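Report on one structure; see the data block that follows.
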Amino acid sequence: MYISECLSRYIPGLEYRVLEEKEVVSLGFLNAEADKVCSFAAEKKYVSILSENIKMLITSDEVAKTINLNKTGCIIVDDPKQTFFALHNKMREENQYVRGKKNTYIDPTAQISPQAFIADKNVVIGPHVIIEPFVTVYENSTIDDGCVLRSGCRIGGVGFQENRNGDTIETVEHFGGVHLHAHVEMQNNSCIDRALFPWEDTEVGEYTKIDSLVQIGHAVKIGRACLITANVTFGGRVNAGSNVWFGLNSTIRNGIIIGDNARINMGSVVVYDVKENESVSGNYAIPHQKFLYNQLHMLSGN
């Protein structure tokens, strides 16, 4: 599809200028992993994280001057961010953009409470899955072999992506999905939001165990065999490795990268990336040994 055609169709009256237009498949953020994506950049500082997959950029004249137009075409508008999200929301009407509808498939060995709600389209539930009462599974959700969802869990709901438009706030549509890999277990009243863009899933790796009252935001990627204790909050697009421990009431800022075998200790507020095998504590979280050193000196009065 061509973004100029979509803008003319869905945002009539918008003034824009096209530089070296290229065909795209979807919309996405600047670090999108999907192929042939259109993104947006309102400031020059964001150009440094431009993925090779970005073939079109909704941007300003100033930013466009820094772009290699042989690789990435540009759409020049007055407000790139607002234009991008307005187009994304309107694209619900574009069959090339949103996921097609398929009848839900539930493996005959799955044990599903009659008090659970399973969307009748775009859900796949694998063998030996257990779904307890009052669980909700929305469209675009895949639940693999042996997963267990305890009472009150919500899988694939709309995430919290809001866009300010003047003195109003508009909710951004979520067209992606959720994928729980084999043997994931979720305790009561935890929530996993679906991804924002249609090509992407929020993912939880096999054998990861999730305690009660955990919030996992849109497009989060959690690796294999992680332990996530109660009241942990993940902002959108967090990318966590395998065998990570998330302590009680820890909070992970959106977009954070956490390496394999890391340890996020109880009550940590994580605002910086965490290295492989690193243990962090505190608000804002720092390496655990440094945290203990600081605490000791505070207590001693030195």
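The values are calculated or read from the model by the stated rules, or taken from the named source; none is laboratory data. Treat the numbers as computed from the prediction; the structure is a model and nothing was measured. In this analysis, Cβ positions are derived from the backbone assuming ideal geometry, glycine residues included, and neighbour counts consider all displayed protein chains.
Mind listing whichever residues of the stretch 187-211 are of a type outside the set (Asp, Glu), out of contact with any His (no Cβ under 7 Å at 6 or more places or on another chain), in a loop (DSSP other than H, G, I, E, B) and free of Cβ contacts under 8 Å to residues at least 60 places away in the same chain? Step through it out loud before you land on a result.
Our first condition is that a residue be of a type outside the set (Asp, Glu); within the stretch 187-211, this holds for 187-192, 194-199, 202, 204-205, 207-210.
Next, only the ones that are out of contact with any His (no Cβ under 7 Å at 6 or more places or on another chain) stay: 187-192, 197-199, 208-210.
Imposing the further condition that a residue be in a loop (DSSP other than H, G, I, E, B) reduces the set to 187-190, 197-199, 208.
Residues satisfying the conditions are Gln187, Asn188, Asn189, Ser190, Thr208.
Are any residues in the stretch 21-42 touching a Ser or Thr at 6+ places or on another chain (Cβ under 8 Å) and in a loop (DSSP other than H, G, I, E, B), and if so, which ones?
Glu21, Lys22, Gly28, Phe29, Leu30, Asn31, Ala32, Glu33, Ala34, Lys36, Ala42 - these are the residues of the stretch 21-42 that are touching a Ser or Thr at 6+ places or on another chain (Cβ under 8 Å) and in a loop (DSSP other than H, G, I, E, B).
Are there any pairs with C-beta distances below 6 angstrom linking a residue in the stretch 227-238 that is on the phi < 0 side of the Ramachandran plot and at pLDDT 95 or above to a residue that is among the hydroxyl-bearing types (Ser, Thr, Tyr) and surrounded by 22 or more Cβ atoms within 10 Å (Cβ to Cβ), with the two at least 6 apart or on different chains, and if so which?
Here the result reads Val232/Ser250, each pair linking the stretch 227-238 to a residue that is among the hydroxyl-bearing types (Ser, Thr, Tyr) and surrounded by 22 or more Cβ atoms within 10 Å (Cβ to Cβ).
Give the stretch 161-186 a look and list any residue that's hydrophobic (A, V, I, L, M, F, W, C), without any contact (Cβ under 8 Å) to a residue 40 or more places away in the chain and either closer than 18 Å to Gln82 by Cβ or in contact with a His (Cβ under 7 Å, 6 or more places away or on another chain) (or both), or say none.
Result: Ile169, single match.
Does Ala119 meet the test of being hydrophobic (A, V, I, L, M, F, W, C), more than 18 Å from Cys6 (Cβ to Cβ), modelled with pLDDT of 95 or more and in contact with an Asp or Glu (Cβ under 7 Å, 6 or more places away or on another chain)? It would help to see each step written out before you state the result.
Numbers: hydrophobic (A, V, I, L, M, F, W, C): yes; more than 18 Å from Cys6 (Cβ to Cβ): yes; modelled with pLDDT of 95 or more: yes; in contact with an Asp or Glu (Cβ under 7 Å, 6 or more places away or on another chain): yes.
Answer is yes for this residue.
Just one of Asp61, Asp78, Asp35 is over 21 Å from Glu173 (Cβ atoms) and either among the β-branched types (Val, Ile, Thr) or in contact with a strand residue (DSSP E or B) (Cβ under 6 Å, 6 or more places away or on another chain) (or both); which is it? Write out each step before concluding.
Values: Asp78 fails: either among the β-branched types (Val, Ile, Thr) or in contact with a strand residue (DSSP E or B) (Cβ under 6 Å, 6 or more places away or on another chain) (or both); Asp35 fails: either among the β-branched types (Val, Ile, Thr) or in contact with a strand residue (DSSP E or B) (Cβ under 6 Å, 6 or more places away or on another chain) (or both).
Just one listed residue meets the conditions, Asp61.
Just to confirm my filter: which strands (runs of 3 or more DSSP E) fall fully inside the stretch 105-159 and include at least 3 residues that are touching a residue at least 24 places away in the same chain (Cβ under 8 Å), surrounded by fewer than 17 Cβ atoms within 10 Å (Cβ to Cβ) and of a type in the set (Asp, Glu)? Step through it out loud before you land on a result.
Details: elements: 123-125, 141-143, 154-157.
Output list is empty.
So Ala41 passes all but one of these: (1) of a type in the set (Gly, Ala, Ser); (2) within 18 Å of the chain's Cα centre (by Cα); (3) surrounded by 22 or more Cβ atoms within 10 Å (Cβ to Cβ). Which condition number does it fail?
(2)
Which residue out of Gly255, Gly259 is modelled with pLDDT under 95, among the small types (Gly, Ala, Ser) and either buried (at least 24 other Cβ atoms within 10 Å of the Cβ) or in the same structural domain as Val137 (by TED's automatic domain parsing) (or both)? Steps first, answer last, please.
Numbers: Gly259 fails: modelled with pLDDT under 95.
Every option except Gly255 fails the conditions.
Enumerate the pairs (first residue in the stretch 28-42 and acidic (Asp, Glu); second residue anywhere and part of a strand (DSSP E or B)) with beta-carbon separation below 9 Å, excluding pairs fewer than 6 apart on the same chain, so at least 6 apart or on different chains.
Short answer, once both residue conditions are applied: Asp35/Ser26; Asp35/Lys55.
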